[in-house]
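Take a look at the structure below.
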Amino acid sequence: MKFLFFLLQMDRRIVFVLVALAVVAPLIMPLNLPIVVGDKVRRLYDAIDQLPARSRPVLVSVDYDPSTVPELQPMTLAVLRHCFSKEIPVIVTTMFPTGAGLARDAMETVAKEYPNLSYGTDYAYMGYKPGYSLVILGIGENFQATYPSDGYGTPSSKLPILKNVKNYDDIAIMVDFTASAAYEVWIMFAHQKYGCKVGAGVTAVMASDAYPYLNSGQLEGLLGGLSGAAEYEKLIGAPGTATIGMDAQSIAHILIIVLIILGNVAYFATRRHREPAQTATPQQGGSA
Amino acid sequence: MTGMELFWTWVAAFLTLSIYSFLYKDNPFYKFAEHLVVGVSVGYIFTINWHQGLHPYLFNPLAASWEHPYNLLRVIPLILGLLFLLRISRKYNWLSRFTIALVMGIGCGTAIPPTIETRIIQQTKASMINIIDQPSLWAGFCAVTILVGTISTLIYFFFSKEHKGILGGTARLGIVFLMVGFGASFGYTVMARISLLIGRLNFLINDWVIGTWNFIAG
């Protein structure tokens with residue numbers, strides 16, 4: 001009984017330390033737990049994988065900021081690696097000012113791994129363009145009028161990759177990586193209005209909101225959080241930071257499940273032994 | 001890793017630890033890092049908008065309006081944008097309403113039709129069952145679950161009649177679906193927060209600790 005009361009009164013900082021240990025230990029000593037690829041990730045992989053080399057380009061929009069990099073950057077890198085490895089042309093852009101550096105960094109990181117591909121012909125970085133939904137609509141009307149120059153200041157007319165890109169008809173699929181509802185704007189305008197295929201990579205917080213679009217076929221595929229990134233890394237056979245983090249994720253989840261169960265057991269088991277006021281508010285006073 | 005990279009890694013590590021120190025209790029290091037993030041973010045966003053927004057799409061075309069007189073039309077959005085700034089004036093803040101009205105009008109006009117199509121019509125279509133077309137028994141079960149879940153949850157939010165009898169039972173079923181939905185959202189939220197922690201701890205272990213060790217060891 002004493003232990004159960006201790007659980008109810010436990011300082012929340014003990015939980016913080018336990019979670020930190022649960023994350024650090026697998027990072028130092030990897031367990032290599034299996035990663036099972038889900039249907040929603042495989043659908044996006046298949047949609048890209050079936051594209052022929054040097055076909056219509058894939059449009060990648062990096063709509064996130066540094067606060068969600070641990071979740072979203074691995075999936076951006078994985079999708080870019082997939083496209084680069086299959087020599088599928090890629091156009092990278094961002095609707096977020098804070099995503100400009102991240103988008104360029106992701107593209108340049110992957111581009112270094114594929115020296116056989118050249119900028120302007122196989123991939124291009126269009127930079128940040130203010131306007132958001134108006135930009136997405138603008139691409140549907142005239143890509144080069146919407147992006148008169150790339151992110152480095154080169155006129156779009158001088159980029160061979162954009163030579164045949166007039167609008168969404170010339171985009172094989174667009175993939176939006178975001179920690180916001182930006183993917184819904186792409187669905188609304190790029191998919192519903194112009195019929196462009198849309199895939200999404202979102203933070204885990206956003207994933208449950210995105211499922212209805214997957215079910216309705218408005219999304220081609222969905223990567224949700226770190227697990228989505230790890231699954232994609234497994235599919236392309238290039239383990240990255242998401243794969244490394246999945247052991248820590250699993251152990252931390254087990255710890256949290258155990259803590260929730262223990263907390264509930266302690267709450268119900270000690271209910272009779274507590275004062276009525278305590279029963280009503282067991283977590284007051286800064287305890288966990 | 002170069003010396004400069006190591007220096008910035010130490011700065012990043014210091015700021016990460018300063019933010020996490022809030023878990024123990026509020027302190028000056030946390031306050032410093034918090035204010036730094038806000039200041040740097042505002043400065044960064046302004047700079048990006050200046051260089052990748054205002055310059056290429058406003059100032060440069062206006063500067064070239066001698067050759068392309070059509071570019072002078074960009075003065076109109078410039079004036080409308082400047083009217084926004086009059087929000088800070090007590091006397092002339094009413095002028096900013098023109099810009100707000102324009103933005104709202106364009107926003108509503110472009111967003112409402114696709115929103116109805118995307119979030120209501122297409123989602124309603126996806127909730128309807130076609131038992132014959134289901135590829136497997138499991139897919140059929142999922143389709144039925146979605147239909148029942150959608151209807152019962154909508155009935156829970158139907159407040160024009162007291163929730164009694166069949167209506168009450170269906171509404172209670174709706175609560176079950178809502179709870180499952182909240183549980184899924186909570187689980188995903190835990191996953192997201194742990195992912196961010198993994199990202200920072202991965203940085204502290206590999207980039208900061210091991211990176212510094214490798215730099216010292218040569």
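The values are calculated or read from the model by the stated rules, or taken from the named source; none is laboratory data. Small disclaimer: the values here were computed from a predicted structure and weren't measured. Positions of Cβ are generated from backbone atoms using ideal geometry, with glycine treated the same way; all protein chains shown enter the neighbour counts. Heads up: the accessible areas ignore ligands, DNA and RNA and are worked out on the full protein's heavy atoms, side chains in. Shrake-Rupley method; radii C 1.70, N 1.55, O 1.52, S 1.80 Å.
Please go through the range A:254-273 and give me each residue that is within 13 Å of another protein chain (Cβ to nearest Cβ) and surrounded by 16 or more Cβ atoms within 10 Å (Cβ to Cβ), ordered by number.
A:Leu255, A:Ile256, A:Leu259
Scan A:Pro34, A:Pro66 and give me the residue that is within 14 Å of another protein chain (Cβ to nearest Cβ) and closer than 26 Å to B:Ile198 by Cβ.
A:Pro66
Given the criterion within 14 Å of chain B (Cβ to nearest Cβ) and of a type in the set (D, E, K, R), identify the matching residue among A:Lys112, A:Lys129.
A:Lys129
For the range A:47-80, name all the residues that are touching a residue at least 40 places away in the same chain (Cβ under 8 Å), open to solvent by 40 Å² or more (accessible area, probe 1.4 Å) and within 16 Å of A:Leu102 (Cβ to Cβ).
A:Asp65, A:Ser67
Considering only residues that are among the aliphatic types (A, V, I, L, M) and within 11 Å of another protein chain (Cβ to nearest Cβ), look in the range A:136-171 and name the one that is nearest to A:Met107 (Cα to Cα).
A:Ile136
Hey, can you tell me all the residues within the range B:83-107 that are in contact with a Ser or Thr (Cβ under 6 Å, 6 or more places away or on another chain) and open to solvent by 100 Å² or more (accessible area, probe 1.4 Å)?
The initial filter retains those residues of the range B:83-107 that are in contact with a Ser or Thr (Cβ under 6 Å, 6 or more places away or on another chain), namely B:83-84, B:86-87.
Within the range B:83-107, just B:Arg87 meets the criteria.
Could you tell me whether B:Asn214 is within 14 Å of chain A (Cβ to nearest Cβ) and not aliphatic (A, V, I, L, M)?
In short, no.
How many of the residues making up the range A:192-221 are out of contact with any Ser or Thr (no Cβ under 8 Å at 6 or more places or on another chain) and within 19 Å of A:Asp169 (Cα to Cα)?
Count: 10.
Look through B:Val37, B:Val42, B:Val11 and report the one residue that is within 25 Å of A:Ala20 (Cα to Cα) and within 12 Å of chain A (Cβ to nearest Cβ).
Of the residues listed, the single one that is within 25 Å of A:Ala20 (Cα to Cα) and within 12 Å of chain A (Cβ to nearest Cβ) is B:Val37.
Yes/no matrix, rows are residues, columns are (1) out of contact with any strand residue (DSSP E or B) (no Cβ under 9 Å at 6 or more places or on another chain); (2) within 30 Å of B:Ser96 (Cβ to Cβ); (3) exposed (fewer than 12 other Cβ atoms within 10 Å of the Cβ):
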site: B:Ala12; (1), (2), (3): yes, no, no
site: B:Leu15; (1), (2), (3): yes, no, no
site: B:Asp26; (1), (2), (3): yes, no, yes
site: B:Val37; (1), (2), (3): yes, yes, no
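Can you list the helices (runs of 4 or more DSSP H) lying wholly within the range B:1-111 that have 1 or more residues being free of Cβ contacts under 8 Å to residues at least 60 places away in the same chain and more than 30 Å from B:Trp213 (Cα to Cα)? If you could, list the steps in order and put the result at the bottom.
Working: elements: B:3-20, B:28-49, B:60-63, B:75-85.
Of the helices (runs of 4 or more DSSP H) lying wholly inside the range B:1-111, those with at least 1 residues that are free of Cβ contacts under 8 Å to residues at least 60 places away in the same chain and more than 30 Å from B:Trp213 (Cα to Cα) span B:28-49, B:60-63, B:75-85.
Does B:Arg200 count as within 12 Å of chain A (Cβ to nearest Cβ), in a helix (DSSP H, G or I), within 25 Å of B:Tyr20 (Cβ to Cβ) and touching a residue at least 24 places away in the same chain (Cβ under 8 Å)? Steps first, answer last, please.
Values: within 12 Å of chain A (Cβ to nearest Cβ): yes; in a helix (DSSP H, G or I): yes; within 25 Å of B:Tyr20 (Cβ to Cβ): yes; touching a residue at least 24 places away in the same chain (Cβ under 8 Å): yes.
For B:Arg200, the condition - within 12 Å of chain A (Cβ to nearest Cβ), in a helix (DSSP H, G or I), within 25 Å of B:Tyr20 (Cβ to Cβ) and touching a residue at least 24 places away in the same chain (Cβ under 8 Å) - is met.
A quick yes/no check of all residues on (1) touching a Ser or Thr at 6+ places or on another chain (Cβ under 6 Å); (2) basic (Lys, Arg); (3) modelled with pLDDT under 95:
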| position | (1), (2), (3) |
| --- | --- |
| A:Ala78 | no, no, no |
| A:Cys83 | no, no, no |
| A:Lys86 | no, yes, no |
| A:Ile91 | no, no, no |
| A:Pro97 | no, no, yes |
| A:Glu108 | no, no, no |
| A:Tyr119 | no, no, no |
| A:Tyr125 | no, no, no |
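Of everything in the range A:172-218 that's within 9 Å of chain B (Cβ to nearest Cβ) and charged (D, E, K, R), which residue is farthest from A:Val58 (Cα to Cα)?
Per the stated criteria, the residue is A:Asp209.
Quickly run through the range A:156-180 and pick out the residues that are touching a residue at least 24 places away in the same chain (Cβ under 8 Å) and basic (Lys, Arg).
Within the range A:156-180, A:Lys158, A:Lys166 meet the criteria.
Would you pick out the residues in the range B:120-141 that are open to solvent by 70 Å² or more (accessible area, probe 1.4 Å) and either on the phi > 0 side of the Ramachandran plot or within 8 Å of chain A (Cβ to nearest Cβ) (or both)?
Across the range B:120-141, the qualifying residue is only B:Lys125.
Going through the range B:53-71 one residue at a time, which ones are open to solvent by 40 Å² or more (accessible area, probe 1.4 Å) and within 14 Å of chain A (Cβ to nearest Cβ)?
Within the range B:53-71, B:Leu54, B:His55, B:Pro56, B:Tyr57, B:Phe59, B:Asn60, B:His68, B:Tyr70 qualify.
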